[in-house]
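Chemist: My structure is below; once you've seen it, I'll send some questions.
The values are calculated or read from the model by the stated rules, or taken from the named source; none is laboratory data. Since the structure is predicted, the reported quantities are computational estimates derived from the model, not experimental observations. FYI the Cβ positions are ideal-geometry reconstructions off the backbone, even for glycines, and counts take in every protein chain you see. Remember, those area values only see protein heavy atoms, side chains included, never the ligands or the DNA or RNA. Shrake-Rupley method; radii C 1.70, N 1.55, O 1.52, S 1.80 Å.
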Amino acid sequence: MYKNYLIISISILLSQNLNALDIDTIYVDSSALLLEERFQDSIHLLNLKNKKLKQSRDAYNEGVSYFTNLKYLESINSFTRAISIDTMFYEAYFNRAKAYMQLKQTDNSINDFKQAFLLDSSNLQSMYNIALLYKQDLNIDTAYLIYEQILSINQREHQALYEQGVIFFQKNELYDAIDKFTQSLIIKESAYTFNDRASCYRKVGRLKDAIDDYNKAISLNENLAFIFNNLASVHRKNANLSLALKYYSIAIEKDEMYALAYNNRGTLYLELGNDSNALSDFNNAIKINPSYSLAYNNKGISYHNQKQYNLAIQAFDKAISIDINYAIAYLNRGISRQMLRDNDGACSDWKKAENLGLPQALKYFYNDCN
């Protein structure tokens, strides 16, 4: 009996020892529970983060909708909410800057474009927009330096070179402009760049180079009416009036609402002695742009040439009503008034033209008013 009891006791003890081995298993299960709690916490935080990101994106999308519908102040408020939730939201800064641009809030716009660039320096459009804002503010030297910064990041930014060329053109530093346009064209050929380099060549008297560049521009984009107008002007300056007439007409065919081309062709018709066609072109220009004082002045010249002096004076009156400081219109109206024996009116107009800085008016005044 004792022996059997001993055996049983040992068996029980062994069984208890075997149970003791399960402690590790229990410990592992406890760790798993802790990990699961941490995992659940992480999921909770991730869900909160995703919820905030969704709120930020929803506010951003709302801002885009407002912007599209030209509600710029509302779009700014929405973009601001998006940024308050996600301060690293590049697109929200960028588009809020564009909204500020529309409201002429230049400083706010520049600050947002700068922040957008800090968040994504690979996107140079923010820098281009900053330069544009400085140009619009007539601070072209600062704009030039912004383009220099862009080129320091990527020297093959042909658009930055082109914009520098435009700045030199605005400053009438034409050979520097030609150099910048040429550098831009080496990287990428563009109809606009060829056109602008041609305009530089035209102004410095290199007419053949200008014609070549305008033709290259047309070969790249034959739908740009202004290039045909510019080409016509070079041929006109080169005394090739038939080609000038041809290209003015093509410009008008490309864009029937091109008031400048109508006016230019009208002045060429005046030069060719075709006052009827000239008058038609000036009327078309005025129909397109009722505030086109130059076209009214030219219309007056056309009437004067046809000895319709009262109609000429009416046209000059309209030109002066649009631009009260239009010296040539005063001079011309004086000439038409003289033809109707209105010497006092003529002398008054010539004196006004002279006071506005037109020296040839003085000749009329001294010859007929003293």
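Chemist: Just one of Thr80, Thr142, Thr87, Thr106 is in contact with a Leu (Cβ under 6 Å, 6 or more places away or on another chain) and of a type in the set (Ser, Thr, Tyr); which is it? First the steps, then the outcome.
Modeler: On the way: Thr80 fails: in contact with a Leu (Cβ under 6 Å, 6 or more places away or on another chain); Thr142 fails: in contact with a Leu (Cβ under 6 Å, 6 or more places away or on another chain); Thr87 fails: in contact with a Leu (Cβ under 6 Å, 6 or more places away or on another chain).
One residue alone meets the criteria, Thr106.
Chemist: Among residues belonging to segment 357-370 that are closer than 25 Å to Asn310 by Cβ and among the hydrophobic types (A, V, I, L, M, F, W, C), point out the one that is least open to solvent (accessible area, probe 1.4 Å).
Modeler: Among those residues, the one meeting the criterion is Ala361.
Chemist: Let me ask something else about it. Would you mind finding the one in Glu253, Glu354 that is free of Cβ contacts under 8 Å to residues at least 40 places away in the same chain, crowded, with 20+ Cβ neighbours inside 10 Å, part of a helix (DSSP H, G or I) and among the charged types (D, E, K, R)?
Modeler: Details: Glu253 fails: crowded, with 20+ Cβ neighbours inside 10 Å.
After applying the criteria, what remains is Glu354.
Chemist: Starting from segment 315-333, keep only residues that are free of Cβ contacts under 8 Å to residues at least 60 places away in the same chain, then list their pairs with residues that are among the basic types (Lys, Arg) and part of a helix (DSSP H, G or I) whose Cβ atoms are within a distance under 6 Å, requiring at least 6 positions of separation or different chains.
Modeler: Every condition considered, the pairs that remain are Ala315/Lys299; Phe316/Arg333; Tyr330/Lys352.
Chemist: Please work out which one of (1) more than 30 Å from Ile178 (Cα to Cα); (2) surrounded by 19 or more Cβ atoms within 10 Å (Cβ to Cβ) is the condition Ala143 fails and give its number.
Modeler: It fails just one condition, (1).
Chemist: Can you give me the number of residues within segment 293-339 that are under 20 Å from Gly273 (Cα atoms) and of a type in the set (Ser, Thr, Tyr)?
Modeler: Of the residues in that region, 5 qualify.
Chemist: It is to be established whether one or more residues within segment 173-186 are assigned to a helix (DSSP H, G or I), crowded, with 19+ Cβ neighbours inside 10 Å and of a type in the set (Ser, Thr, Tyr).
Modeler: yes
Chemist: For Glu189, state whether it is acidic (Asp, Glu), under 20 Å from the mean Cα position of the chain (by Cα), modelled with pLDDT of 95 or more and open to solvent by 40 Å² or more (accessible area, probe 1.4 Å). Steps first, please.
Modeler: Details: acidic (Asp, Glu): yes; under 20 Å from the mean Cα position of the chain (by Cα): yes; modelled with pLDDT of 95 or more: yes; open to solvent by 40 Å² or more (accessible area, probe 1.4 Å): yes.
Spelling it out, Glu189 is indeed acidic (Asp, Glu), under 20 Å from the mean Cα position of the chain (by Cα), modelled with pLDDT of 95 or more and open to solvent by 40 Å² or more (accessible area, probe 1.4 Å).
Chemist: Working only within segment 234-243, note down all residues that are touching a Leu at 6+ places or on another chain (Cβ under 6 Å) and part of a helix (DSSP H, G or I).
Modeler: Step one: of segment 234-243, the residues touching a Leu at 6+ places or on another chain (Cβ under 6 Å) are 234-235, 238.
Scanning segment 234-243 gives Val234, His235.
Chemist: Turning to a different aspect of this structure: Checking the conditions here, which among Phe113, Phe168, Phe94, Phe117 is assigned to a helix (DSSP H, G or I), at pLDDT 95 or above, in contact with an Asp or Glu (Cβ under 6 Å, 6 or more places away or on another chain) and surrounded by 17 or more Cβ atoms within 10 Å (Cβ to Cβ)?
Modeler: Exactly one residue qualifies, and that residue is Phe168.
Chemist: Shifting gears a bit: Among Tyr60, Tyr134, Tyr100, which is the only one that is surrounded by 16 or more Cβ atoms within 10 Å (Cβ to Cβ), within 30 Å of Ile187 (Cα to Cα) and either at pLDDT 95 or above or of a type outside the set (A, V, I, L, M, F, W, C) (or both)?
Modeler: Only one candidate passes the filter, namely Tyr134.
Chemist: Something else about it: What number of residues within segment 59-75 satisfy the criterion of being more than 14 Å from Lys98 (Cβ to Cβ) and in contact (Cβ under 8 Å) with a residue 24 or more places away in the chain?
Modeler: 1
Chemist: I'd like the residue in segment 192-225 that is in a loop (DSSP other than H, G, I, E, B) and either open to solvent by less than 60 Å² (accessible area, probe 1.4 Å) or in contact with a Gly (Cβ under 8 Å, 6 or more places away or on another chain) (or both) and, out of all such residues, is nearest to Gln164 (Cα to Cα). Don't jump to the end; show me each part of the working.
Modeler: Keep residues of segment 192-225 that are in a loop (DSSP other than H, G, I, E, B), which gives 204-206, 221-224.
Cutting the leftovers down to either open to solvent by less than 60 Å² (accessible area, probe 1.4 Å) or in contact with a Gly (Cβ under 8 Å, 6 or more places away or on another chain) (or both) gives us 204-205, 221, 224.
Values: Val204: 19, Gly205: 22, Asn221: 22, Leu224: 22 Å.
Filtering segment 192-225 for residues that are in a loop (DSSP other than H, G, I, E, B) and either open to solvent by less than 60 Å² (accessible area, probe 1.4 Å) or in contact with a Gly (Cβ under 8 Å, 6 or more places away or on another chain) (or both), the one nearest to Gln164 (Cα to Cα) comes out as Val204.
Chemist: Would you check if Ser336 is in contact with a helix residue (DSSP H, G or I) (Cβ under 7 Å, 6 or more places away or on another chain), in a loop (DSSP other than H, G, I, E, B) and either surrounded by fewer than 19 Cβ atoms within 10 Å (Cβ to Cβ) or hydroxyl-bearing (Ser, Thr, Tyr) (or both)?
Modeler: Details: in contact with a helix residue (DSSP H, G or I) (Cβ under 7 Å, 6 or more places away or on another chain): yes; in a loop (DSSP other than H, G, I, E, B): no; either surrounded by fewer than 19 Cβ atoms within 10 Å (Cβ to Cβ) or hydroxyl-bearing (Ser, Thr, Tyr) (or both): yes.
For Ser336, the condition - in contact with a helix residue (DSSP H, G or I) (Cβ under 7 Å, 6 or more places away or on another chain), in a loop (DSSP other than H, G, I, E, B) and either surrounded by fewer than 19 Cβ atoms within 10 Å (Cβ to Cβ) or hydroxyl-bearing (Ser, Thr, Tyr) (or both) - is not met.
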